[in-house]
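The values are calculated or read from the model by the stated rules, or taken from the named source; none is laboratory data. All figures in this text were calculated on a predicted structure; none of them were measured in a lab. Cβ coordinates were reconstructed from backbone atoms using ideal geometry, including for glycine residues, and neighbour counts include every protein chain displayed.
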Amino acid sequence: MQATVLIVPGLRDHVETHWQTLLAAQLPRVHTVPPMGRSGAGLDRAARVQAIEQAARAISGPLVIVAHSGGCPMVAHWAAQTSRPVKGALLATPPELDRPMPEGYPPLQALKDGGWLPVPLQALPFPSIVAASRNDPLARFAQVEQMASAWGSRLVDLGEVGHLNPASGYGEWPRAHEFIAELSA
C-alpha cells in the first residue's frame with residue numbers, strides 16, 4: 001500500500017506559493033495539518049500536537065510526514081507522545097527556537113509560554129531526514145546538525161537555500177519528492 005503524506009506546516013498561514021502547498025497539489029495521497037499561524041492559538045503546542053495527532057489518526061495505512069520550519073519541532077513533540085506508526089519523516093529547515101527569531105516571528109517568551117520549549121532532543125521513533133540550509137536566517141547549520149543527530153536523523157546539506165520558503169526564492173522544491181520516495185520505501 002502506498003504511503004499517505006501528512007504535511008505539517010510551520011509558523012505561517014496558508015501560502016499558495018509555498019513548496020508544501022504546491023507539493024500537496026502534486027501528490028496522489030496527501031493530507032495537510034491546517035496552518036495555525038504565528039500568534040494566539042497558533043502558539044499553543046498542545047493544540048498543534050493535537051492537530052497532528054488527529055490528522056495522523058484519520059489516515060489509514062502507511063504514513064510519511066513532511067514538516068517545514070516550526071512544524072519540525074512540533075513533529076518531535078508529537079512523536080514523543082503518539083503511538084501512531086510512521087514510515088518516516090522529512091524535516092525541512094528546522095528553526096532554532098531557543099534564540100530570538102527575526103521580526104515578524106513570535107518572541108522567545110511567547111514560544112516558552114506556548115510550550116514550544118524545550119524542543120525534544122531524543123531519537124525519533126521512525127526514520128527521518130533533516131534537510132538543512134547553510135544560510136537559514138532561522139537556524140545556524142551547526143545547531144541543525146545537533147538536532148538531526150539527537151533525533152537520529154540523516155542530515156542532508158542543501159547548501160545555501162535560505163529558509164526554503166518563498167521569501168528565499170522557493171516555490172516548488174522537487175527534492176521533496178526524492179526524500180518522500182526514500183522514506184516510503
Inset, instruction - Kindly provide the set of residues from segment 46-79 that are outside any loop (DSSP other than H, G, I, E, B) and surrounded by fewer than 17 Cβ atoms within 10 Å (Cβ to Cβ), ordered by number. - result: Ala46, Ala47, Gln50, Glu53, Gln54, Arg57
Inset, instruction - Report yes if Leu121 is at pLDDT 95 or above, within 22 Å of Ala55 (Cβ to Cβ) and touching a helix residue (DSSP H, G or I) at 6+ places or on another chain (Cβ under 8 Å), otherwise no. - result: no
Legend entry - Filter result for Ala25 (over 14 Å from the mean Cα position of the chain (by Cα), under 13 Å from His177 (Cα atoms) and assigned to a helix (DSSP H, G or I)): yes
Legend entry - Lone unmet requirement of (1) out of contact with any His (no Cβ under 6 Å at 6 or more places or on another chain); (2) of a type in the set (A, V, I, L, M); (3) at pLDDT 95 or above for Ala185: (3)
Legend entry - Considering residues of segment 1-40 that are small (Gly, Ala, Ser) and surrounded by 12 or more Cβ atoms within 10 Å (Cβ to Cβ) only, the residue farthest from Ser168 (Cα to Cα): Ala3
